[in-house]
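Undergrad: My questions all concern the structure below.
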Amino acid sequence: MELSFLHAIQLIRNPIFDAVMVFFSTAGNRGLIWIIIGLTFLCIKKYRKCGIIVLLSLFASVLFGNTILKHVVERSRPCWVDTSVSLLIANPRDYSFPSGHTFSSFAAATSIYLNQKEMGKMAYVLAATIAFSRLYLFVHYPTDVFAGAILGALTAFIITKLCNRYLVM
């Protein structure tokens, strides 16, 4: 069923979407865009606490998602199962579940939203676009992306609660 959904997304492929999706997916590589945003917040006194929370949430998402969960679940990627779809990016070498791009994106976006509502709304648009790009590019199943979004948001809630309790600024 998930492969059918991914194949349906492939029907909208075109050169413009291809370029846009590769751009957004690349921006999410290693959480780079979110690290830049977190570090920028860290440099601005008004947003410093938010920056700390974003960076801690990203660290937790990498630790829990990429370092632990991917190796426990060991789910093959859709592009490994169905090689008939031509990839627009390099074939990933790590496992599929959960989507690390989505996990880190929703951890960062939720961290921003919980601390700065208006910027958080824009961050969610970016996070959702990065998450969709992973489906469009045929490197994650929908449940990988869904789990990444839920786990990312949950991680941000926990980190924010802990920081609000123990971080004095």
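Undergrad: Cross-link partners among lysines for Lys161, C-alpha distance below 24 Å, same-chain residues fewer than 8 apart left out?
TA: Once the sequence-local lysines are set aside, what remains near Lys161 is Lys45, Lys46, Lys49, Lys117, Lys121.
Undergrad: Okay, moving on. Build a GNM of the chain with springs between Cα atoms under 10 Å: which of Val62, Val145, Val20 gets the top mean-square fluctuation?
TA: Maximum fluctuation in the GNM of the chain, among the listed residues, is at Val20.
Undergrad: Which residue fluctuates the most in the chain, going by a Gaussian network model with Cα springs under 10 Å, if the choices are Leu87, Leu11, Leu69?
TA: Leu11
Undergrad: To the nearest 20 debye, what is the magnitude of the charge dipole of the stretch 62-119 about its Cα centre, counting +1 on the Cβ of each Lys and Arg and -1 on the Cβ of each Asp and Glu?
TA: 60
Undergrad: Under the 0.36 nm per residue contour assumption, what length would be gained going from the current alpha-carbon distance of Ile12 and Leu39 to full extension?
TA: Stretched out fully, the Ile12 to Leu39 stretch lengthens by 6.1 nm.
Undergrad: Over its Cα atoms, what ratio of radius of gyration to 2.2 N^0.38 Å does the chain give?
TA: In units of the globular-protein estimate, the chain measures up at 1.04.
Undergrad: Still on this model: What size of dipole, in debye to the nearest 20, comes out for the stretch 61-169 about its Cα centre when the only charges are +1 on Lys and Arg C-beta atoms and -1 on Asp and Glu C-beta atoms?
TA: 260
Undergrad: Arg48 to Lys117: FRET efficiency via 1/(1 + (r/R0)^6), r the Cβ-Cβ distance, R0 22 Å, to the nearest 0.05?
TA: 0.80
Any read-out appearing in this document is the output of simple, stated calculations on the displayed coordinates, not a laboratory observation. Just so we're clear, the structure is a prediction, and the values are computed from it rather than from any experiment. Counting neighbours? That spans all protein chains shown, and the Cβs are built from the backbone with ideal geometry, glycine included.
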